[in-house]
Amino acid sequence: MPQTHEVTNQAPPLTGHDVAADPALIEGLHRQGAGWSEDSLHTLGTLAGTEHFQELGRLANENEPVLRTHDRYGNRIDEVEFHPAWHELMETAVANGLHAAPWRDERPGAHVARAAQLYVWGQVEPGHICPISMTYAAVPALRANPALAAAYEPLLAARTYDFGLRAPAGKRGLIAGMSMTEKQGGSDVRTNTTRAVPAGEDGTYALTGHKWFTSAPMSDLFLTLAQAPGGLSCFLLPRVLPDGTRNRIHLQRLKDKLGNRSNASAEIEYEGAVGYLVGEEGRGVRTIIDMVNLTRLDCVLGAATGMRAGLIRAVHHTAHRAAFGAPLIDQPLMRNVLSDLAVESEAATTVAIRLAGATDRAARGDAAEESFRRLALAVTKYWVCKRGPVHAAEALECLGGNGYVEESGMPRLYREAPLMSIWEGSGNVSALDALRAMARQPDSVEAFFAEIDQAAGSDRRLDASVAELKKELGDPAELEFRTRRIVESMALVLQGSLLVRYGSPAADAFCASRLGGDHGRAFGTLPAGTATAPLIDRARHAV
């Protein structure tokens, strides 16, 4: 067949680069005490940029998990079948310690190093990060039962991915999931109706009920909430019991989700399932809160990861695509859009790594950092995760029609973005959590403003925004009604203060647009005179 045309003016595949070549990330890594991990981060970043792993990300999403409730003979098996690509992604994540490994690492900055790795590796494929994140987050909750922690924490932190239905003690490594919400309550877990009844002298409970969302139902262990005689309590349920028999945890169906397609999310039934009490009866929410806060941190990291991936794809495409006689990246209006996306991405990355640093220091007993994290994480979870979807939409548009096609990877990025706002509490839940922290833990407010005040006097727009925020907080009228506005302002002044304090090239543009009001209602409306070259160059550095 005769050739009708030659393919020109198309961007080459975005492979063969170091995903960790991200100045904002590397600078944050050193500031937060994990500079010792930079070499291994670049090793992982180079792996993430290979054609092989980019292809695995595609395959894991195009070949979605399948639920097998019964075998061919009618026996109940409750297994989820995954494509080999999923398993290789999981194996690599676990081998690099993205799961619970930091809890067994005594080096200061271990949690920061892990956060940076998650940010880099998540750009390959975000769906498999869900069970990785929950395994990381499960450890502090599990420590409320020292015997369970002693038995399972070493296996949760082991760098071996050992998939399959076997008794946990006989495996080389474990993955943990969580099973909290029910149909009637959602985020209001105190309305849960699943019952937990003491089952015998061995201290176990029998759990009966339905769970509406169970993340990663192929996990080895689940943390769940149920109503015990003493009130709502936290339990650990293994999928396979110590004697090798299957626990009575039945998978009803997998959710048909907007995005996160590579990852299985299920509705499940407990039919007298065996559970072990974690913490005290009646203190389930208190026991589980540490796990929730850690997965919220990973939501912030996930949103920042998505922004960085979208920015890099947009910069790569526009650098190789010409229109009207010049590369797109050199045309003023496109430079404004790309620069604005870069500002948003750098602000998200900077605050995410700062929160990872607070998490690391809080885990080592720093009370001031714990107070800061308590409020700063809530406001950041609200705002950064809200910005993810609009950022993804604008990045997709930079590719034009090419970006609307599945092969570009942008639709997958776009569908994934809203999850970070919804997982571990949607916008209102996060905003109200910030309000609750301010009311119940005034030390968190002091710590928050102590952080911001480190940049006081450095930028008049930042100073004015901080003053206005304090005025807003001092007005009690309709406080809950105004909560979103207040929390948004808190998140913006926190981001702005960090960018200013750290001398980021994005600081001036951020303060002018996000705090000074010199900005439109869409990306690409930075004020005239914005220094775009440093912003775009930091993004081009990776590709």
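Here are some notes:
- Cα lying deepest toward the dipole's positive end in segment 23-282, options Ala228, Gly279, Gln252, charges on Cβ: Ala228
- Measuring r between the beta carbons of Tyr502 and Asp330 and using R0 = 25 Å, the FRET efficiency lands at 0.30.
- Sites excluded, chymotrypsin sites (Phe, Trp or Tyr not before Pro) in DSSP loops with at most 11 other C-beta within 10 Å, longest stretch of the chain: 74-323
- Placing +1 on the Cβ of every Lys and Arg and -1 on the Cβ of every Asp and Glu, with nothing else charged, gives segment 23-282 a dipole about its Cα centre of roughly 320 debye.
- Here the simple spin-label model places points 7 Å from the Cα toward Cβ, and for Ile77 and Asp243 these points are separated by 2.4 nm.
- Relative contact order of segment 1-131, defined on C-alpha pairs under 8 angstrom at six or more residues apart (%): 28
- For segment 458-473 versus segment 323-371, the gap between their alpha-carbon centres in whole angstrom: 21
- Radius, Kirkwood style, for segment 1-143 when every pair of distinct Cα atoms is counted (Å): 17.4
- For the pair segment 488-502 / segment 112-152, the C-alpha centres are spaced 27 Å from each other.
- Mean projected area (nm²) of the alpha-carbon convex hull when segment 286-540 is viewed from all directions: 13.9
- Relative to the current alpha-carbon distance between Ala367 and Ala147, full extension at 0.36 nm per residue lengthens the span by 76.6 nm.
- A Förster radius of 25 Å combined with the Cβ-Cβ distance from Asp39 to His87 puts the calculated FRET efficiency at roughly 0.40.
- Contour minus Cα-Cα distance for Glu472 and Ile289 (0.36 nm per residue): 63.0 nm
- Label sites at Glu6 and Thr160, each approximated as a point 7 angstrom past Cα along Cα to Cβ, lie 5.6 nm apart.
- Summarising the overall dimensions of segment 214-352 from its C-alpha atoms, the Rg and Dmax are 23.0, 74 angstrom.
- Student exercise, the chain dipole from Lys, Arg, Asp, Glu Cβ charges, in Debye to nearest 20: 640
- The mean of 1/r over all distinct Cα pairs in segment 23-282, once inverted, gives the Kirkwood hydrodynamic radius of 19.1 Å.
- Couplings for segment 492-506, taken from phi via the Karplus curve 6.51 cos²θ - 1.76 cosθ + 1.60 with θ = phi - 60°, read 5, 5, 5, 4, x, 5, 5, 5, 5, 4, 8, x, 5, x, 8 Hz in order; Gly and Pro are left as x.
- 222 nm mean residue ellipticity, helices alone, for the chain (DSSP H n ≥ 4; -39,500 (n - 2.57); rounded to 500): -16000 deg cm²/dmol
- Summarising the strand pairing of segment 23-282, around 90 percent of its internal DSSP beta bridges are antiparallel.
- Dipole of segment 401-543 [Lys/Arg +1, Asp/Glu -1 at C-beta], most positive-end residue of Pro476, Met438, Pro534: Pro534
- Label positions at Glu269 and Gln184, each projected 7 Å from the Cα along the C-beta direction, are separated by 1.8 nm.
- Correct option for mean projected area of the Cα convex hull in nm² [calculated from the coordinates] among (1) 25.6; (2) 32.9; (3) 27.4: (3)
- Relative contact order for segment 381-477, counting Cα pairs under 8 Å that sit 6 or more residues apart, in percent: 22
- Fraction of alpha-carbon pairs over 19 Å apart in segment 144-234 - percent: 49
- Percent RCO, i.e. relative contact order, over the chain, from Cα pairs under 8 Å lying at least 6 residues apart: 14
- Listed residues Leu155, Met180, Ser497: farthest to the positive end of the dipole of the chain (Cβ charges): Met180
- Summing Cβ point charges (Lys, Arg +1; Asp, Glu -1) relative to the Cα centre of segment 232-349 gives a dipole of roughly 320 debye.
Bear in mind that the values in this text are calculations on the coordinates, not laboratory data. Remember, it's a predicted structure, so these values are computed and weren't measured experimentally. Virtual Cβ from ideal backbone geometry, glycine too; neighbours counted across all protein chains shown.
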